[in-house]
Amino acid sequence: MPRKLILDVDTGTDDAVAIMLAALHPELELVGVTTVNGNVEVRYCTDNSLRTLDFIGRSDIPVFEGMARPLVRADFPIPRAVKKSTGVHGLSLDIPDPVSIVQSRSAVEFLIETYRSTTEEIALVPTGPLTNIAAAVALDPKFAERVPEVVIMGGAHHHGNVTPSAEFNIWADADAAASVLAAGFRKLVMVPLDATHEALVSKQACDAMEALGTPAGLAASRFIGRRIKAYDANQPMAEQNAAPVHDAVCVAYLVDPTVITTEHRHVAVETQGALTIGRTVVDINFRGEHPPNCHFAFHADRHKFVAMLLDTFARVAA
Ligand code: RIB
Ligand code: CA
């Protein structure tokens, strides 16, 4: 039986690779895609999600548009206005315009109704700011207990990407992230920069994806190629000609949990600090009062991850 999941995305080049992995891997069933303000305005995230699914022949997967701004902080700049433009994403992904259209129900309604009515286990995988998930938690007091597992791309212990202390998804709606971390989800896995920066995809792997000649192989090589150029120029990793593809690591974990190595710790989000807003505070030495609430990934297995991308992108939709 394939493992079911919902992806909550701010598509985005790495979200697009996550969508393709979830839509094409034979051991996964992508039930729906919900979008949120993040890398780009939510309407572009929706358009990018639709065009990705159309391009790989999975227009049957519904897309629901979500929240257009952070949950609480109306005074907080919309993330893209302050995020340095590094060319990692662009507004519209470099594949043809979508033919499919977005669903009329909102993302938050879809999430609440799906988890309220299902008898099946559906993992929830947010790979953008956590605004939709926090809204669902606020609207449905039982939401957290209904979701069997949440796998979040976000946070960092040893790193920051949008500020010296914070990772973008958590920083972009720190109040939402704080509420999700404190919501009491049954199982919460966090895939932070500590792990994703170890799962680099090289230019060589990108060329191998292109050589597959499939829609997913071509799109992935184009999206990851763009990331490699931008990372090499603006945020060099431990090795040149390689870049992280953060969001896809969460999906890979659902297929093979050994793709990451986690520690069960308490994680909270700083929402006030002038220098540290959006920081994930990980109680690595059990110094705080709270019991662990999160399986926090400190490492990732690059070889397993890249092999999974290559195997999956060799496929075409049935
Ligand atoms: O910090 C990396 C994360 O921010 C990724 O999910 C990327 O797509 C952006 O949302
Ligand atoms: Ca993302």
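For the stretch 216-318, chymotrypsin sites (Phe, Trp or Tyr not before Pro) meeting the loop criterion (DSSP other than H, G, I, E, B) and having at most 13 other Cβ atoms within 10 Å: 286. Think of each Lys and Arg Cβ as +1 and each Asp and Glu Cβ as -1; about the Cα centre, that makes the dipole of the chain roughly 260 debye.
Net charge of the neighbourhood of residue 197, taken over other residues with C-beta under 12 Å away and scored Lys/Arg +1, Asp/Glu -1, is -3. Over what distance in Å are the Cα centres of the stretch 169-199 and the stretch 1-49 separated? If we compute the Cα centre of each part, the gap is 17 Å. For the chain, lysine pairs separated by 8 or more sequence positions, or belonging to different chains, with Cα-Cα distances below 27 Å total 12. Between residue 240 and residue 59, the contour length at 0.36 nm per residue exceeds the Cα-Cα span by 61.6 nm. Between residue 97 and residue 290, the C-beta separation translates, for a Förster distance of 51 Å, into a calculated FRET efficiency of about 0.60. A simple rule links phi to the HN-Hα coupling: the Karplus curve 6.51 cos²θ - 1.76 cosθ + 1.60 with θ = phi - 60°, which for the stretch 293-299 gives 10, 7, 8, 9, 8, 8, 9 Hz, with x for Gly and Pro. Rounded to the nearest angstrom and listed largest first, the equivalent-ellipsoid semi-axes of the chain from its Cα gyration tensor are 26, 22, 19. Charge tally for residue 269 (other residues, Cβ to Cβ under 12 Å; Lys, Arg +1; Asp, Glu -1): -3.
Taken along the Cα-to-beta-carbon direction at a fixed 7 Å, the label points for residue 274 and residue 27 span 5.0 nm. What whole-number distance in Å separates the alpha-carbon centres of the stretch 269-318 and the stretch 97-144? First find each Cα centre; the distance between them is then 21 Å. On full extension, the segment bounded by residue 304 and residue 316 gains 2.2 nm, given 0.36 nm per residue less the C-alpha separation. The antiparallel fraction among DSSP beta bridges confined to the chain stands at about 35%. Applied to the stretch 155-160, the Karplus parametrisation 6.51 cos²θ - 1.76 cosθ + 1.60 on θ = phi - 60° returns per-residue 3J(HN,Hα) values of x, 5, 9, 9, 10, x Hz, with x for Gly and Pro.
Along the axis of the charge dipole computed for the stretch 3-313 (Cβ charges of +1 for Lys and Arg, -1 for Asp and Glu, origin at the Cα centre), the listed residues 255, 164, 288 are led at the positive end by 164.
The numbers here are math on the coordinates, done by the rules we state, and not lab data. For clarity, every value in this text was computed on a predicted model and none was experimentally measured. When we count neighbours, we look across all protein chains shown, and the Cβ atoms used for this are built from the backbone with ideal geometry, even at glycine.
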